[in-house]
Amino acid sequence: MAMKSKVLIVGGTGYLGKRLVKASLAQGHETFVLHREEIGVDIEKVQMLLSFKQQGAHLVIGSFNDHQSLVKVLKLVDVVICAISGVHIRSHQILLQLKLVDAIKEAGNVKRFLPSEFGTDPARMENAMEPGRVTFDDKMVVRRATEEAGIPFTYISANCFAGYFLGGLCQPGFILPSREQVRLLGDGNQKAIYVDEDDIATYSIKTIDDPRTLNKTVYIRPPQNILSQREVVQIWEKLIGKELLKSSISEQEFLAIMKEQDYAEQVGLTHYYHVCYEGCLANFEIGDGAEEASKLYPEVKYTTVEEYMTRYL
Ligand code: NDP
């Protein structure tokens, strides 16, 4: 059997990053986690890094401000997965990856790079609205730099993180489902795709040694999880044995409210707009040059929306 790649996770202390570390270890990869000195006295992050070490990961010191330190770390591995922050209401550092791309180019040994994407496919969002398009534009800048440097890549389009979208019954600003009411975005009938974050990590790690995913976009579309907001609400209503009081917010109202918010909020709302009013995640067929994760890896028993939502009971 071929040797499993050695993996470096950058952003391993993050919301998705910690799951990538776990999945990489679970799938038997020698796993390295970048330990940035800049985390200083952030005790939670340090404790998390130490727990990775206890589970068998190697902590490696490097800094985005020190090119050679990154090159040195990269020489130890075959695959780099970056999960640096990209949600404006938390933190958005997507373009910092250009430094990582430079270091990967110099190191010269990296066989696969998965940049911090894990959402809507930015290549499909050239007509996205301001200001939220910044997320897609920045991710495209990183893609171009990666491809110009000749670095082999896989782009993961993970659709909606379940924690954000199912937790809030697809309503921006909510991450816990109400037992009383819900506001539908428009008619609530646009389909979106919801993926358990641990499944995103599992599928992502599956791609790294797979020749079928080399230089391709991999969409994660678990077939049972392609649902409209109304269908998500119905699943929740079934679980709690009660119908929610429903109201609706029109597209015009949504856009008017959005304009009154601060920049970071507007970025997030733009993304909800494209997903929930336009159906940007599910309104296209996966074409040539791309793959779908649940078809490539039928052995993964993904979490269905209903299973995911039982955690809120
Ligand atoms: P987090 O906000 O949890 O941050 C991840 C990591 O980024 C941090 O732990 C830190 O890593 C690193 N980081 C932050 N600032 C800096 C800095 N200045 N220098 C170096 N590293 C820094 O990220 P998420 O998990 O929320 O996001 C990861 C990806 O997932 C993004 O691309 C985002 O757009 C996407 N996403 C998609 C969603 C969807 O629904 N599809 C929802 C949420 C995110 P460390 O300290 O370990 O070095």
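FYI, it's all coordinate maths here, none of it is from the lab. Model, not experiment: these values are computed from the prediction. Please note: Cβ atoms are built from the backbone with ideal geometry, for glycine as well, and neighbour counts cover all protein chains shown.
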Open item on the list: Against the conditions (1) farther than 30 Å from ILE240 by Cα; (2) surrounded by fewer than 20 Cβ atoms within 10 Å (Cβ to Cβ), where does ILE175 fall short? Just the number, please.
Closed with: (1)
Task: Among (1) farther than 20 Å from ARG90 by Cβ; (2) assigned to a strand (DSSP E or B) - the single one ARG144 does not satisfy - done: (2)
- [ ] Residues that are closer than 25 Å to ASP187 by Cβ and within 16 Å of the ligand (Cβ to nearest atom): find the helices (runs of 4 or more DSSP H) completely inside region 231-313 holding 1 or more of those.
- [x] 263-272, 305-309
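Looking only at region 103-114, filter to residues that are in a helix (DSSP H, G or I) and either of a type outside the set (Asp, Glu) or within 12 Å of the ligand (Cβ to nearest atom) (or both); which one of those is nearest to LYS75 (Cα to Cα)?
Of region 103-114, the ones in a helix (DSSP H, G or I) are 103-107.
This time we only want the ones that are either of a type outside the set (Asp, Glu) or within 12 Å of the ligand (Cβ to nearest atom) (or both), so: 103-105, 107.
Working: ALA103: 10, ILE104: 9, LYS105: 11, ALA107: 6 Å.
For region 103-114, the residue satisfying everything is ALA107.
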Open item on the list: From the list THR146, THR135, exactly one residue is within 11 Å of the ligand (Cβ to nearest atom) and crowded, with 17+ Cβ neighbours inside 10 Å. Which is it?
Closed with: THR135
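I'd like to check which helices (runs of 4 or more DSSP H) are fully inside region 1-76 and have at least 1 residues that are farther than 23 Å from TYR203 by Cα. Break it down into steps so the answer makes sense when it comes.
Working: elements: 17-26, 43-54, 67-74.
Helices (runs of 4 or more DSSP H) meeting the threshold: 43-54, 67-74.
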Task: Lone qualifier among VAL73, VAL141 - being within 14 Å of the ligand (Cβ to nearest atom), more than 26 Å from GLY287 (Cβ to Cβ) and among the β-branched types (Val, Ile, Thr) - done: VAL73
Task: In region 115-133, the residues that are in contact (Cβ under 8 Å) with a residue 24 or more places away in the chain and not in a loop (DSSP other than H, G, I, E, B) - done: ALA123, ARG124, ARG133
- [ ] Mind listing just one residue for me: the one in region 10-53 that is closer than 19 Å to GLN93 by Cα and acidic (Asp, Glu) and, of those, farthest from the ligand (Cβ to nearest atom)?
- [x] GLU37
TODO: Quick one: in region 79-102, of everything that is part of a helix (DSSP H, G or I) and within 13 Å of the ligand (Cβ to nearest atom), which residue is surrounded by the most Cβ atoms within 10 Å (Cβ to Cβ)?
DONE: LEU100
